Amino acid sequence: MNVACRIVNLQEEYIKLFNDQKSLLQSGAPKKMNSLRDDALKIFEEKGIPSNKVEAYKYTNLQPYFKGSLNVAFTNDAAHNDITQHFHCEVPQLNTYNVFLVNGWFSAKDSDLNLPDGVIVCSMQEAEQKAPDVFEKYYGETAPMKEDSLVAMNTAFAQDGAFIYVPKGVVLDKPIQLVNIMTGDEDRLAFQRNLIVVDENAQLKVMLCDHTMSSQRFVINTVTEVFAKENSVFDVYNVQNQHNLTTQVQGIYVHQKKNSNILTNNLTLHAGIARNNVNVTMDDDHCESHVYGLYLSDKNQHVDNSTFINHAKPDCQSFELFKGVMDDSATGAFSGRVYVAQDAQRTNAYQSNNNLLLTDNAKINSKPQLEIYADDVKCSHGATVGQLDDEAMFYLRARGINKEEGRILLMFAFAYEVIEKIRVEPLKEQIRGLVEKRFRGEFDKCDSCVVCGQPGSNASCL
Amino acid sequence: MLVIKDLHAKIEDKEILRGINLEVKPGEVHAIMGPNGAGKSTLSSVLAGNEKFEVSEGSVSFNDKELLELSPEDRAREGLFLSFQYPIEIPGVSMVNFMRTAVNEHRKYRGEDPISASEFLKLMRDKKKLVEIDSNLTNRSVNEGFSGGEKKKNEIFQMAMLEPKLAILDETDSGLDIDALRVVANGVNKLKSPERSTIVITHYQRLLDYIVPDYVHVLYKGRIVKSAGKELALELEEKGYDWIKKEFED
Amino acid sequence: MAEDQNKILDEVTGGEYKYGFYTDIEMDTIPKGLTEDVIRMISAKKNEPEYMLEFRLKAFEKWQKMEMPDWAHLNIPEIDFQDIIYYAAPKKKPQLESMDDVDPELRATFDKLGIPLDEQKILSGVAVDAVIDSVSVKTTFKETLAEKGIIFCSISEAVHEFPDLVKKYLGTVVTDSDNFFAALNSAVFTDGSFVYIPKGVRCPMELSTYFRINAMNTGQFERTLIVADDDSYVSYLEGCTAPQRDENQLHAAIVEIVANERAEVKYSTVQNWYPGDKEGKGGIYNFVTKRAICKGDYSKVSWTQVETGSAITWKYPSCILQGDHSVGEFYSVAVTNNYQQADTGTKMIHLGKNTRSLIVSKGVSAGKSQNSYRGLVKVSKRADNARNFSQCDSLLLGDRCGAHTFPYLEIANNSAKVEHEATTSKIGEDQIFYCNQRGLSTEDAVGLIVNGYVKEVINQLPMEFAVEAQKLLQISLEGSVG
């Protein structure tokens, strides 16, 4: 069932919407999901949609984007159309296990036959039946709903999403790709909630691919919780390719146990307003985490990456690198907080954010932060803002490479450091190609949104 | 091939070249020597088109074209190669990607089709052998983490790949041990042909034992103050530059 | 010999706060609390012209509507602003003809602090303005400076004697609505120093202000204004101490600097307010707004600070780089021990073209202290070719303290080059071992390494200050290595 609402004062209408639709919200959703809704709503009511007065959202005022006339689907009707048949992912040659979501609702997946024994991939709505203990134990346990009102909002409203469980010792040989497609004839607000549990000694790689398939305005609030148990290895690649009228808040919250090794990589190729939150809690010794991101923005796009690396226990290592290229009137922000708790001795933490500004109107704000309460640590962070190196450019030109080609080579070289960190070879190759196309202007900025196949043919491409 | 007439150039209002005249014919090897600060590297930078320097007077024709009117890349495509005194490190750009792009740009300029991948790899292999460059150097990013000697060898390798008409070697010998110097010089000599000319810029005579010049010019305070055959290099080595300084003090 | 050695040992290891004594001077104070009447009373006591009273009342009105900022990484106990005395002055008339007129008690106080008030006794060419509690008691070398046209006097004096300059510049760099403490200071400030360096003059000696809080329950609210006209140069030093008391005392100062075309101002601080005892009892709350504007082309302002005192420090000496080619520098050492808290750093606001800024911050945390660097580098859209480099290092001594780095980079011009680097580490055990093996005690080794670590900043200080700063560091870190 679809509900149209007009949002002017934010909390006021959202709370009314929640109360009016409460029975629909709860129907079919797992008990644990429903049990957190009221508390979450209270937090949301108190804090609201963050404006730039909230320190964590200083460079992205989300309030205007959550206003206006928006539709919300409280049942999964839309998920049962055949849109997924028309969809062609830009990373198609990849051998992956595909899962489709439509407007945040679980829609379809490849047959289970290919999956190793015990691996569960299903909708959140089904998860309670298929893995009751796991769901009950982990849902809502690492997403910080008290600290972030958007997580609270998601917890109050989300009804579906994907659930993945990889049992002890199982190694998935190919990545699971979660493709979320935003579509429909009305402007739309969607909530998606994913839960991923990688059990002891298991290994999993996930791709989150977000696409828009119609030219409407979309607002998406996604929360993904990940639990990486002892000795596990987990990768998530978040490939964002959405049109300019999209606002997406994408939160990935990872909780690590002993000797686990995780990697997150936010690859923002195209977006309207993108706010990515990555929180990693290393809650045991000898964890390793890699947190990366690449954002390529032009037109009036805005990308804000916010990370929180929590060294809660000793002997952990974290590596963080975010790089951005800002063209036209694009604006970008990075804030990274590395927190080393008292007694988290022998911590190594590295953080770096580098930006290229290509035009007079592009802007970047960077806020790398270290907060350290233990003494036996090696922590460093760095941030730079600059342009392409004149000397390098001259060297290229002296070898007969023209200015434009030289620019592309150097931009690509700049971006490559992040692409290099991708631990799935075919994906690395694909992303490499996409990024190069992107810099050459060959990658239509609305690629794979069927509505505006022609560059500039639609308002949303401007 | 190259005719420089009364060339003046300055950087931030400081005149460095103050009237250079020089003609290089096909197949010739010219050595330009001179004390530090004479303007040797400025001359090579100006010829290659580094925008840091402003040409205030004079003309340079290269294969009957006005060199100074060409962009740096077109100068390169016309067949002018500069071996940099300090080759630039470009992290993230692989040598293979870099060279393939450069070779194809040259071909495009001549109206030829891009080189196929297999042909290109073969070309790389051949040239690597020619200049005795270590195979794994070309798998790395351009000059990144290369030793001084490796960087210079890499310059000669690129020269072999691009087959220029005129090569300018800017202090290619500086900081090289004798073995690396020999390798670099051998590479240059192997590429020698009746059509190809070379300008060797150096402070010392040693490189000229290996790359034998037809002419030696002494550059001092932005002018060529003396020109002669290769024996001049030996004389300079023996007597140093002081006598030049005395003779031509303004 | 042996006696000398003992004395030195005592001095070096007796790491207690040396300046914690209290002088019994007859004081003129007003009752506790802050109201409009109190402000009128302060203004009347100082016999101020009408424009100053208006200035104060306007600020007070704004302050009443403001709230205490809570964004810093500090745990600030509630401050009762009605429980503070806003004016306290030594009773003896502050107008002094010669040294003989200075209250002997007061003179003894400054002798004990090592601050020379007697020009004859001074070897080093430093002119001093001494401020005790709310008023300036003595400014030395005034006449010598006057010959060159340099004005160096208390701000109270300037209000009367140079009203045009005061009206033109006071409150222009730090406005009364800038922040909570700036508004408070604008309403109640009692004294401070005023410096004017005329066009083309290079000030021949270091100018210095020495601040001392003496009286109980008082707050100190001084205000310094430095104006360097075209092509002038001045180096200015600031030092401060306070008696050892169990209750906390408030210090909320403002420093404004204006640098006109090609002018250069160097401002150095050694901040040594009473930091509280080992248990965190007492100490000064130090909330200071310091800001410079590089108004003219090619002007330069350089801040150097050594922060070892105060229970809480909240301070961000900043530069507004308005003139083309102007330069801002910030060198800082902040040492915290026991229960001290510091949140300090700088703001570099690039507005003009070809402006440059440099930030070097060295934090040292020990005991149970918290030490934060907070800085902003902002390049506005029109500030072409701006350059900034920031290096912010933290050193941790002990596993119960914290070291934090909060830099903000806001860049809206694509010709800007901005680099920020920060590291946090502890002293390497191999380094200490190497020193031990050469016969140094661990404590000495740490001192040596810390001094090496902060050298880049200390080198910016004038000679005598540098020596004092090094000693201070040693004392501040006493007992922090186990």
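The values are calculated or read from the model by the stated rules, or taken from the named source; none is laboratory data. Because the structure is a prediction, the values reported are computed rather than measured. With ideal geometry, Cβ positions are generated from the backbone for all residues, glycine too; neighbour counts draw on all protein chains shown.
Which of the residues that make up the range A:377-411 are within 19 Å of B:Asp74 (Cβ to Cβ) and basic (Lys, Arg)?
A:Arg397, A:Arg399, A:Lys403, A:Arg407 - these are the residues of the range A:377-411 that are within 19 Å of B:Asp74 (Cβ to Cβ) and basic (Lys, Arg).
Among (1) of a type outside the set (Gly, Ala, Ser); (2) touching a Ser or Thr at 6+ places or on another chain (Cβ under 8 Å); (3) under 15 Å from C:Pro275 (Cβ atoms); (4) touching a residue at least 40 places away in the same chain (Cβ under 8 Å), there is one condition C:Ile312 misses while meeting the rest; what is its number?
(2)
Yes/no matrix, rows are residues, columns are (1) in a strand (DSSP E or B); (2) free of Cβ contacts under 8 Å to residues at least 60 places away in the same chain; (3) among the charged types (D, E, K, R):
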position	(1), (2), (3)
A:Phe234	yes, yes, no
A:Tyr237	yes, no, no
A:Gln240	yes, yes, no
A:Asn244	no, no, no
A:Val249	yes, no, no
A:Asn259	no, yes, no
A:Leu269	yes, no, no
A:Asn277	yes, no, no
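With the requirement that a residue be assigned to a loop (DSSP other than H, G, I, E, B) and under 26 Å from the mean Cα position of the chain (by Cα), what does the range C:365-386 give you?
Residues satisfying the conditions are C:Gly367, C:Lys368, C:Ser369.
Give me the helices (runs of 4 or more DSSP H) completely within the range A:93-160, filtered to those with at least 3 residues that are under 20 Å from the mean Cα position of the chain (by Cα) and either in the same structural domain as A:Tyr57 (by TED's automatic domain parsing) or not polar (S, T, N, Q) (or both), ordered by residue number.
Filter on the range A:93-160 gives A:149-157.
So, in the range B:160-185, exactly how many residues are more than 14 Å from the chain's Cα centre (by Cα) and either modelled with pLDDT of 90 or more or of a type in the set (Lys, Arg) (or both)?
Of the residues in the range B:160-185, 2 are more than 14 Å from the chain's Cα centre (by Cα) and either modelled with pLDDT of 90 or more or of a type in the set (Lys, Arg) (or both).
State whether one or more residues within the range C:371-387 are crowded, with 19+ Cβ neighbours inside 10 Å, in contact with a Ser or Thr (Cβ under 8 Å, 6 or more places away or on another chain) and more than 20 Å from C:Glu329 (Cβ to Cβ).
There is at least one residue in the range C:371-387 that is crowded, with 19+ Cβ neighbours inside 10 Å, in contact with a Ser or Thr (Cβ under 8 Å, 6 or more places away or on another chain) and more than 20 Å from C:Glu329 (Cβ to Cβ).
Kindly provide the set of residues from the range B:118-144 that are in contact (Cβ under 8 Å) with a residue 12 or more places away in the chain and either part of a helix (DSSP H, G or I) or among the small types (Gly, Ala, Ser) (or both), ordered by number.
Those that are in contact (Cβ under 8 Å) with a residue 12 or more places away in the chain and either part of a helix (DSSP H, G or I) or among the small types (Gly, Ala, Ser) (or both): B:Phe120, B:Leu123, B:Met124, B:Lys127, B:Lys128, B:Leu130, B:Leu137, B:Thr138, B:Asn139, B:Ser141.
So, in the range A:225-267, how many residues would count as being over 20 Å from A:Arg188 (Cβ atoms) and of a type outside the set (D, E, K, R)?
Selection size over the range A:225-267: 25.
Only one of (1) more than 12 Å from every other protein chain (Cβ to nearest Cβ); (2) modelled with pLDDT under 90; (3) within 23 Å of the chain's Cα centre (by Cα) is not met by A:Lys421, so which one is it?
(2)
Restricting to the range B:178-210, name every residue that is basic (Lys, Arg) and either crowded, with 23+ Cβ neighbours inside 10 Å or assigned to a helix (DSSP H, G or I) (or both).
Result: B:Arg182, B:Lys190, B:Arg206.
Evaluate the range C:284-302: report whether one residue or more is among the polar types (S, T, N, Q), farther than 30 Å from A:Thr359 by Cα, surrounded by fewer than 22 Cβ atoms within 10 Å (Cβ to Cβ) and in contact (Cβ under 8 Å) with a residue 12 or more places away in the chain.
Among the residues of the range C:284-302, at least one is among the polar types (S, T, N, Q), farther than 30 Å from A:Thr359 by Cα, surrounded by fewer than 22 Cβ atoms within 10 Å (Cβ to Cβ) and in contact (Cβ under 8 Å) with a residue 12 or more places away in the chain, which makes the answer yes.
Could you please give the count of residues in the range A:337-373 that are part of a loop (DSSP other than H, G, I, E, B), crowded, with 19+ Cβ neighbours inside 10 Å and more than 9 Å from chain C (Cβ to nearest Cβ)?
Residues that pass the stated criteria total 1.
Given the residues C:Phe181, C:Phe162, which is the only one that is of a type outside the set (S, T, N, Q) and either in contact with a helix residue (DSSP H, G or I) (Cβ under 8 Å, 6 or more places away or on another chain) or under 18 Å from C:Tyr87 (Cβ atoms) (or both)?
Result: C:Phe181 is the single residue among C:Phe181, C:Phe162 that is of a type outside the set (S, T, N, Q) and either in contact with a helix residue (DSSP H, G or I) (Cβ under 8 Å, 6 or more places away or on another chain) or under 18 Å from C:Tyr87 (Cβ atoms) (or both).
Identify the single condition in (1) over 22 Å from the mean Cα position of the chain (by Cα); (2) surrounded by fewer than 21 Cβ atoms within 10 Å (Cβ to Cβ) that B:Val93 does not satisfy, given that it satisfies every other one.
(2)
Regarding the range C:399-413, can at least one residue be identified that is facing chain A (nearest Cβ under 10 Å), surrounded by fewer than 17 Cβ atoms within 10 Å (Cβ to Cβ), in contact with a Lys or Arg (Cβ under 8 Å, 6 or more places away or on another chain) and under 20 Å from A:Leu370 (Cβ atoms)?
Looking for residues that are facing chain A (nearest Cβ under 10 Å), surrounded by fewer than 17 Cβ atoms within 10 Å (Cβ to Cβ), in contact with a Lys or Arg (Cβ under 8 Å, 6 or more places away or on another chain) and under 20 Å from A:Leu370 (Cβ atoms), one finds at least one in the range C:399-413, hence yes.
Between a first residue in the range B:225-247 that is surrounded by 14 or more Cβ atoms within 10 Å (Cβ to Cβ) and a second residue that is in a helix (DSSP H, G or I), which pairs have beta carbons less than 6 Å apart while being 6 or more apart in sequence or on different chains?
If the second residue must be in a helix (DSSP H, G or I), the pairs left are B:Val225/B:Phe248; B:Ala233/B:Leu208.
Hey, among the residues in the range B:64-92 that are touching a strand residue (DSSP E or B) at 6+ places or on another chain (Cβ under 8 Å) and polar (S, T, N, Q), which one's modelled with the highest pLDDT?
B:Ser83
Output the residues belonging to the range C:189-205 that are of a type in the set (Val, Ile, Thr) and surrounded by fewer than 24 Cβ atoms within 10 Å (Cβ to Cβ).
Across the range C:189-205, the qualifying residue is only C:Val201.
Return the residues of the range B:72-108 that are of a type in the set (Ser, Thr, Tyr) and within 7 Å of another protein chain (Cβ to nearest Cβ); say none if nothing qualifies.
Once the filter is applied, which keeps residues that are of a type in the set (Ser, Thr, Tyr) and within 7 Å of another protein chain (Cβ to nearest Cβ), the range B:72-108 yields only B:Thr101.
Inspect the range C:420-443 for any residue being within 14 Å of chain A (Cβ to nearest Cβ), outside any helix (DSSP H, G or I) and of a type in the set (Lys, Arg) and give the result as yes or no.
Yes, there is a match, as at least one residue in the range C:420-443 is within 14 Å of chain A (Cβ to nearest Cβ), outside any helix (DSSP H, G or I) and of a type in the set (Lys, Arg).
For the subset of the range A:388-414 comprising residues that are part of a loop (DSSP other than H, G, I, E, B) and under 15 Å from B:Pro91 (Cα atoms), which member is farthest from the other protein chains (Cβ to nearest Cβ)?
This residue is A:Leu388.
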